[in-house]
Amino acid sequence: MPKTEAELYAFLADLGISVSTVRHPPLFTVADSQALRGEIPGGHTKNLFLKDKKDNFFLVTVGEDAEVDLKQIHHLIGASGRVSFGKPEMLMELLGVIPGAVTVFGLINDTGGQVKVVLDQELMSHEVINGHPLTNEATTTIAAADLVRFVEATGHDAVILKVSA
């Protein structure tokens, strides 16, 4: 079973990472997020769950306004050929979330380390980063350095690359 939002917060607390969370109506798109989230400072995320032709999976986390060239990104992230979006079933299996709730926090559910995470350099220039805490009915704010600590604590390498245009 995927971890719950409460289990995510407990994991973060065990790491000594403090976060703040704002509840809101479900947000499914960046446009929804911009319209409904209110004034939450920091970098807001857009998450791309991708797979290559050899069924390698990638979670690319960029700023909400970032433009990503999906025809070229495979060169940057080390994919085997071009990438496509991963299927909802694999998203649930690997990250424990549904489409519209994709989040870097989903790495807590990838206990097998099957997903390579890439954090965009531009996004990581913000002091704090905002993402869904395994549900699209809330936004959690975390310090950028603590986000890296979280990623590493889940057993993933926190790869920071310039992937946005």
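Could you sort 84-93, 131-140 so that the peptide with the highest average Cβ count within 10 Å comes first and the rest follow in order?
By packing density, highest mean first, the sequence is 131-140, 84-93.
Output the peptides 95-108, 148-161 sorted from most to least packed, where packing is the average of other Cβ atoms within 10 Å over each peptide's residues.
95-108, 148-161
Give the ranking of Lys162, Lys51 by solvent-accessible surface, highest area first, calculated with a 1.4 Å probe.
Descending accessible area places them as Lys162, Lys51.
Under 18 Å from the Cα of Lys51, which lysines turn up, not counting those fewer than eight places away in the same chain?
Hits, sequence-local ones excluded: Lys71, Lys87, Lys116.
Please list, in chain and number order, the residues 5+ apart from Val159 or on another chain whose amide H is under 5 Å from its amide H, with Hs placed from the backbone.
Under 5 Å from the amide H of Val159: Val117, Leu119.
Roughly to the nearest percent, how much of the accessible area of the chain is carbon and sulfur, given a 1.4 Å probe?
Details: 4280 of 8120 Å².
Carbon-and-sulfur percentage of accessible area, whole number: 53.
Measure nothing but the geometry: give the 0 to 90° angle between the long axis through the Cα atoms of 5-14 and the longest principal axis through the Cα atoms of the chain, rounded to 10°.
Relative to the chain, helix 5-14 is tipped by roughly 80 degrees.
Determine the per residue accessible area of the chain with all protein chains present and a 1.4 angstrom probe, expressed in square angstrom.
So the chain comes to 49 Å² accessible per residue, rounded to a whole number.
Treating the beta-carbon of each Lys and Arg as +1 and of each Asp and Glu as -1, no other charges, what is the dipole magnitude of the range 111-154 about its Cα centre, to the nearest 20 debye?
160
Just to confirm my numbers, what's the Cα centroid distance between the range 3-77 and the range 80-111 in Å?
11
The values are calculated or read from the model by the stated rules, or taken from the named source; none is laboratory data. From a predicted model like this one, the values you see are computed outputs, not experimental measurements. We place every Cβ from the backbone using ideal geometry, glycine too, and count neighbours over all the protein chains shown. Areas reflect the complete protein model, heavy atoms only, side chains present, ligands, DNA and RNA absent. Shrake-Rupley method; radii C 1.70, N 1.55, O 1.52, S 1.80 Å.
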